[in-house]
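Report on the structure given below.
The values are calculated or read from the model by the stated rules, or taken from the named source; none is laboratory data. Everything numeric in this text was worked out from a predicted model, so none of it was measured. Ideal geometry is used to build each Cβ from the backbone, glycine not excepted, and the neighbour counts take in all protein chains shown.
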Amino acid sequence: MADRIRKAWRVTIKGYDASEIEYAPTAGKARVRAWSSIDNGDVRIIDVVARRAPECDVILPERSPVADLLSKEEAHCLLHAFGGNDDPIKAGYRDYFYTSRDDPPLVALAERGLMKPMDGDQWGENMTYFVLTPDGKNVALSMVPEYAHG
């Protein structure tokens, strides 16, 4: 299995000076994403042009075998800690999850070596930040989808 590619498209819109990079599986989807993001009723979809920009592609690793060992809750928590649940483009902007020190999915992730609780209580009794380890970041990155759903 090979690395996964998040395809980049350079999008221009008639009447706008700048171009933007959109990540989408096809040019059509990149055009629609760009068109939907502007607030101008005068712009028609045919005024939006998307051209491949492979120099801006994002290479994502193949799914880690460790990811397949995680429960649904553990996987959700790992991706949340990595910032990858809502917008895969932003994944990796954070590396922590704040919860009780005895939260079962986080304790399980710590036992697997994917997260590590901070020493001492943080912001409340029995509360702490679980921080991703380097292995945890690698597994989380391997679980991030190429594109947002919907």
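When H80, H76 are checked against the criterion of being within 30 Å of K29 (Cα to Cα) and either within 10 Å of the chain's Cα centre (by Cα) or among the β-branched types (V, I, T) (or both), H80 stands alone in meeting it.
Every test in (1) touching an Asp or Glu at 6+ places or on another chain (Cβ under 9 Å); (2) within 30 Å of S36 (Cα to Cα); (3) surrounded by fewer than 19 Cβ atoms within 10 Å (Cβ to Cβ) is passed by P88 save one, and that test is (3).
Among the residues of segment 101-114, those identified as surrounded by 16 or more Cβ atoms within 10 Å (Cβ to Cβ) and either more than 16 Å from K72 (Cα to Cα) or of a type in the set (D, E, K, R) (or both) are R101, D103, R112.
Pull up segment 4-15, narrow it to residues that are assigned to a loop (DSSP other than H, G, I, E, B) and either of a type in the set (A, V, I, L, M) or more than 15 Å from the chain's Cα centre (by Cα) (or both), then point me to the one that is farthest from L141 (Cα to Cα).
Filtering segment 4-15 for residues that are assigned to a loop (DSSP other than H, G, I, E, B) and either of a type in the set (A, V, I, L, M) or more than 15 Å from the chain's Cα centre (by Cα) (or both), the one farthest from L141 (Cα to Cα) comes out as G15.
Is one or more of the residues making up segment 16-26 of a type in the set (D, E) and either in a loop (DSSP other than H, G, I, E, B) or touching a Phe, Trp or Tyr at 6+ places or on another chain (Cβ under 8 Å) (or both)? Scanning segment 16-26 turns up at least one residue that is of a type in the set (D, E) and either in a loop (DSSP other than H, G, I, E, B) or touching a Phe, Trp or Tyr at 6+ places or on another chain (Cβ under 8 Å) (or both). Kindly indicate whether any position in segment 112-134 is part of a helix (DSSP H, G or I), without any contact (Cβ under 8 Å) to a residue 40 or more places away in the chain and either aliphatic (A, V, I, L, M) or more than 30 Å from R33 (Cβ to Cβ) (or both). Within segment 112-134, one or more residues are part of a helix (DSSP H, G or I), without any contact (Cβ under 8 Å) to a residue 40 or more places away in the chain and either aliphatic (A, V, I, L, M) or more than 30 Å from R33 (Cβ to Cβ) (or both).
Scanning segment 27-79 for residues that are in a helix (DSSP H, G or I), loosely packed, with under 13 Cβ neighbours inside 10 Å and in contact with a Phe, Trp or Tyr (Cβ under 8 Å, 6 or more places away or on another chain) yields a single hit, I45. For segment 43-56, the condition of being closer than 22 Å to T26 by Cβ and within 11 Å of the chain's Cα centre (by Cα) holds for none of the residues. Residues that are aliphatic (A, V, I, L, M), touching a Lys or Arg at 6+ places or on another chain (Cβ under 9 Å) and modelled with pLDDT under 95 within segment 61-92 comprise just one, I89. All but one of (1) within 30 Å of N138 (Cα to Cα); (2) among the small types (G, A, S); (3) surrounded by 16 or more Cβ atoms within 10 Å (Cβ to Cβ) hold for S19; state the number of the condition that does not hold. With respect to (1) within 30 Å of N138 (Cα to Cα); (2) among the small types (G, A, S); (3) surrounded by 16 or more Cβ atoms within 10 Å (Cβ to Cβ), S19 is out only on (1). Can you tell me which condition F97 does not meet? The list is (1) within 19 Å of S64 (Cβ to Cβ); (2) aromatic (F, W, Y); (3) in contact (Cβ under 8 Å) with a residue 40 or more places away in the chain, and all the others hold. F97 satisfies every listed condition except (3).
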